[in-house]
1. Does at least one position in the stretch 31-44 carry a residue that is touching a residue at least 24 places away in the same chain (Cβ under 8 Å), in contact with a helix residue (DSSP H, G or I) (Cβ under 9 Å, 6 or more places away or on another chain) and outside any helix (DSSP H, G or I)?
2. Hey, among 47, 52, 27, 66, which residue is over 17 Å from residue 92 (Cβ atoms), out of contact with any strand residue (DSSP E or B) (no Cβ under 7 Å at 6 or more places or on another chain), part of a helix (DSSP H, G or I) and modelled with pLDDT of 90 or more?
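The values are calculated or read from the model by the stated rules, or taken from the named source; none is laboratory data. Being a predicted model, the structure only gives us computed values, none of them experimental. Cβ atoms come from the backbone with ideal geometry, glycine included; neighbour counts cover every protein chain shown.
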């Protein structure tokens with residue numbers, strides 16, 4: 001079997017849930033930033049800015065076509081921080097919502 005055209009690698013079964021988990025981190029951080037105090041435009045800027053920072057970090061260090069891909073223990077630490085950030089944002093948003101009800 002030959003490699004796909006354009007030098008791309010074939011997708012594996014784990015690529016789809018990994019991509020979904022990455023998108024979930026973006027969604028959790030965007031919602032966390034949106035639920036903050038302030039006017040609507042400030043919250044929108046915070047949400048867009050937070051997602052942009054995460055997108056730059058992922059694209060630079062963890063994406064399959066990253067400029068400076070990290071491997072081994074550095075990759076594990078990066079992903080721990082990445083998904084930990086998403087989990088913390090989701091939990092904080094949930095806790096904030098529970099307090100306001």
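1. Checking the stretch 31-44: at least one residue is touching a residue at least 24 places away in the same chain (Cβ under 8 Å), in contact with a helix residue (DSSP H, G or I) (Cβ under 9 Å, 6 or more places away or on another chain) and outside any helix (DSSP H, G or I).
2. Working: 47 fails: over 17 Å from residue 92 (Cβ atoms); 27 fails: over 17 Å from residue 92 (Cβ atoms); 66 fails: part of a helix (DSSP H, G or I).
Result: 52 is the single residue among 47, 52, 27, 66 that is over 17 Å from residue 92 (Cβ atoms), out of contact with any strand residue (DSSP E or B) (no Cβ under 7 Å at 6 or more places or on another chain), part of a helix (DSSP H, G or I) and modelled with pLDDT of 90 or more.
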